[in-house]
Amino acid sequence: MKELSPVDLCGCGDTGYLILRTIPVDLAQGLGHIHKVPSYHCGNKLCDQYTLPSPVVSRIDDLADIMEQKELNSIDFYWEGQEEESQNSFSLAEAFIWKFSQRKYEDAEVSFVHNGQTVIFHSLLDATEFYELKYLHTDEKGTWFSFVKFYSEEPLTLENYLDFEPPYTKELGVMNMDEVEETLVDMFGSAI
């Protein structure tokens, strides 16, 4: 498995986050598609550009040859010597987390992102109320995050968060990566 950075540049020049996308490839038998290709995209829904990491580009050429040999029109991206579903799941989760950096919602804003694994949200309605979205693990059913509410009388910075032991926490749930955005909008209102 190749180690890919969770953050690089999008094709438009903005900060790009590691995602999986389908890309077209020209084959001897016509147009084909490779699904679940690691790429960098800025996250702007209006941007249609992306960047492919160089190890991915060379692997795409190999996969195109395999597709031509087997006369396939589509295939899922996988690294040589691995099963097709193998991906660098942690890098994808880390890139997903970094996308929240400096995000603001109607009722909360991101205070900071810790280590590419945790996002801390600060309520705009109650100065003592904080929320933690934390990467848990990836399994065959998806990538999982915990969502926890806690309180702090003092302003919370990355430095004091590292030593902070909240006196009270409430687990709001465990969710799949696909459910995170919807849950945050339900909880905090639309992103601004």
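Can you give me the % of accessible surface on the chain that is carbon or sulfur? Probe 1.4 Å, all protein chains present, nothing else counted. Could you put the intermediate results ahead of the total?
On the way: 5040 of 10770 Å².
Roughly 47 percent, rounded to a whole number.
Rounded to the nearest 0.05, what FRET efficiency do Val57 and Asn176 give with R0 = 30 Å and r taken as the Cβ-Cβ distance? Could you check? Spell out each step's value before the answer.
On the way: r = 30 Å, r/R0 = 0.99.
The formula returns an efficiency of 0.50 here.
In nm, give the distance between the simple-model label positions of Asp139 and Ile23, each being 7 Å from the Cα along the Cα-to-Cβ direction.
3.2 nm
Excluding ligands, DNA and RNA, what is the solvent-accessible area per residue of segment 35-192 at a probe of 1.4 Å, expressed in Å²? Please list the in-between numbers first.
Values: 8880 Å² over 158 residues.
Computed with neighbouring chains in place, this is 56 Å² per residue.
Let me spell out the model: positive unit charges on the Cβ of Lys and Arg, negative unit charges on the Cβ of Asp and Glu, origin at the Cα centre of segment 90-174. What dipole size does that give, in debye rounded to 20? All intermediate terms of the calculation are to be shown ahead of the outcome.
Details: 7 positive and 15 negative charges, 74 e Å.
Dipole about the Cα centre, nearest 20: 360 debye.
Calculate the FRET efficiency for Ile192 and Ala127 from the Cβ-Cβ distance with a Förster distance of 22 Å, rounded to the nearest 0.05.
Numbers: r = 19 Å, r/R0 = 0.84.
Efficiency computed from Cβ-Cβ geometry: 0.75.
Pulled fully out, how much extra length does the chain show between Ser74 and Leu46, if you take 0.36 nm times their separation in residues and subtract their Cα-Cα distance? Display every interim value, and only then the final one.
Numbers: separation 28, 0.36 × 28 = 10.08 nm, distance 2.61 nm.
So the chain would gain 7.5 nm between Ser74 and Leu46.
Return the long-range amide H neighbours of Leu124 (sequence gap of 5 or more, or a different chain), with a cut-off of under 5 Å between placed amide H atoms.
HN-HN under 5 Å from Leu124: Ala108, Glu109.
Given +1 on the Cβ of Lys and Arg, -1 on the Cβ of Asp and Glu, and no further charges, what dipole in debye does the chain carry about its Cα centre, rounded to the nearest 20?
On the way: 13 positive and 35 negative charges, 57 e Å.
That gives the chain a dipole magnitude of about 280 debye.
How much length, in nm to one decimal, is gained on full extension between Tyr151 and Glu3, taken as 0.36 nm per residue of separation minus their Cα-Cα distance? Show your work: numbers first, answer last.
Numbers: separation 148, 0.36 × 148 = 53.28 nm, distance 3.64 nm.
Stretched fully, the Tyr151-Glu3 segment lengthens by 49.6 nm.
Across the chain, how many lysine pairs, 8 or more positions apart or on different chains, have C-alpha atoms separated by under 23 Å? Please give the number.
For the chain, the number of qualifying lysine pairs is 18.
Mind giving me the FRET efficiency for Asp14 and Lys104? R0 is 22 Å, r the Cβ-Cβ distance, nearest 0.05 is fine.
Details: r = 18 Å, r/R0 = 0.81.
For Asp14 and Lys104, the calculated efficiency is 0.80.
Which residue, Val7, Ser123, Phe164, has the largest displacement toward the positive end of the dipole of the chain when charges sit on each Cβ (Lys, Arg +1; Asp, Glu -1)?
Working it through, the farthest residue towards the positive pole turns out to be Val7.
What are the ³J(HN,Hα) values, in whole Hz, obtained from phi via the Karplus relation 6.51 cos²θ - 1.76 cosθ + 1.60 with θ = phi - 60°, for each residue of segment 117-130 in sequence order, with x given for Gly and Pro?
Those phi angles translate into 10, 9, 10, 10, 9, 10, 5, 8, 9, 9, 4, 9, 9, 10 Hz.
Per-residue HN-Hα couplings for segment 105-115, Karplus 6.51 cos²θ - 1.76 cosθ + 1.60 at θ = phi - 60°, whole Hz, x for Gly and Pro?
10, 4, 10, 7, 9, 6, 7, 6, 10, 10, 6
Counting only C-alpha contacts under 8 Å and six or more residues apart, can you give the relative contact order of the chain as a whole percent?
Numbers: 367 pairs, mean separation 28.6, N = 192.
Relative contact order for the chain comes out at 15 percent.
The values are calculated or read from the model by the stated rules, or taken from the named source; none is laboratory data. This structure is a prediction, so every number in the text was calculated from the model and none was measured. Cβ sites come from the backbone with ideal geometry, for glycine too, and all protein chains shown count toward neighbours. Remember, those area values only see protein heavy atoms, side chains included, never the ligands or the DNA or RNA. Shrake-Rupley method; radii C 1.70, N 1.55, O 1.52, S 1.80 Å.
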